[in-house]
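J.: Sending over a structure as structure tokens; questions will come in a sec.
The values are calculated or read from the model by the stated rules, or taken from the named source; none is laboratory data. If you're wondering where the values come from, they're calculated on a predicted model, not measured in any experiment. Neighbour counts run over all protein chains shown; Cβ positions are idealised from the backbone, glycine included. SASA here: full protein model, heavy atoms, side chains in, ligands and nucleic acids out. Shrake-Rupley method; radii C 1.70, N 1.55, O 1.52, S 1.80 Å.
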Amino acid sequence: MAPLHPVFLVPWVRVETDALGEASFFGAHAARAQRDGLDPDEAELDAAGDLAARRGLIAALEGAAAPLWLTEVREARGLSERLERNGPSCTAWLRATAGAAQRLGRLVATLVEDPGSAVAELSGLGGTPGCATR
């Protein structure tokens, strides 16, 4: 799996576990990691990574990205999410919100359908709905 940038991973796992009704698991896991000697930021990162693996969140991202070589997932800044192709590899910028794997799947499908495009973009706030390439 491509590395998930901590600025994306921690809030994304919080939101996804909230959506699953398992918000207390994140706090409990992070508290346990702090008791084991990690600082609060490291404890949250540890909790997010572990819960993402256990709850199938990482597997969902891997499945969505399977047709392409995804090298990194970062937090989206701005009004859209995008997947950028650079040679044989891709980098994704996603919002740390529920449904990130499904949106990544749409981005991947769009790039796969249009091999000449370098970027697939999902417009967000105020943009044209849907997925576009350039």
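J.: What order, most packed first, do the peptides 113-119, 80-86 have when packing is the mean number of other Cβ atoms within 10 Å of each residue? Each step should come with its number before you reach the end.
T.: Values: 113-119: 12.4, 80-86: 19.9.
Put in order of decreasing packing, that is 80-86, 113-119.
J.: With everything on Cα atoms, drop me the angle between helix 100-113 and the longest principal axis of the chain, reported from 0 to 90° to the nearest 10.
T.: So the inclination is approximately 20 degrees.
J.: Per residue and in Å³, how big is the convex hull formed by the alpha-carbon atoms of the stretch 1-96? Kindly include the intermediate steps, with their values, before the conclusion.
T.: Numbers: hull volume 9.4 nm³, N = 96.
Measuring per residue, one finds 97 Å³ for the Cα hull of the stretch 1-96.
J.: Also, quick follow-up: Share of the stretch 9-115's accessible area from carbon and sulfur, percent, 1.4 Å? Write down the numbers at each step before the final one.
T.: Numbers: 2800 of 5450 Å².
Carbon and sulfur: 51 percent of the exposed surface of the stretch 9-115.
J.: Quick one: net charge of E42's neighbours, Cβ under 14 Å, K/R +1, D/E -1? Before the final figure, lay out each step's value.
T.: On the way: positive: R32, R35; negative: D36, D39, D41, E44, D46, D50.
Overall, the nearby charge balance is -4.
J.: With every protein chain present, what is the per residue accessible area of the chain (1.4 Å probe, Å²)? Working shown, then result.
T.: On the way: 6940 Å² over 134 residues.
Spelled out: the 1.4 Å probe surface of the chain, per residue, equals 52 Å².
J.: Report the calculated FRET efficiency for S89 and E113 (r = Cβ-Cβ distance, R0 = 25 Å), to the nearest 0.05. All intermediate terms of the calculation are to be shown ahead of the outcome.
T.: On the way: r = 18 Å, r/R0 = 0.73.
It comes out at approximately 0.85.
J.: Continuing with the same structure: Sorted by average packing, counted as other Cβ atoms within 10 angstrom per residue and highest first, what order do 5-15, 31-41 take?
T.: Working: 5-15: 19.9, 31-41: 12.5.
Packing proxy ranking, top to bottom: 5-15, 31-41.
J.: Run the simple label-point estimate for A23 and R106 please: 7 Å along Cα→C-beta, distance reported in nm.
T.: Each label point lies 7 Å from its Cα, and together they span 2.5 nm.
J.: Compute the long axis of helix 23-35 from its Cα atoms, compare it with the longest principal axis of the Cα atoms of the chain, and write down the angle in degrees, 0 to 90, nearest 10.
T.: The angle comes out at about 60 degrees.
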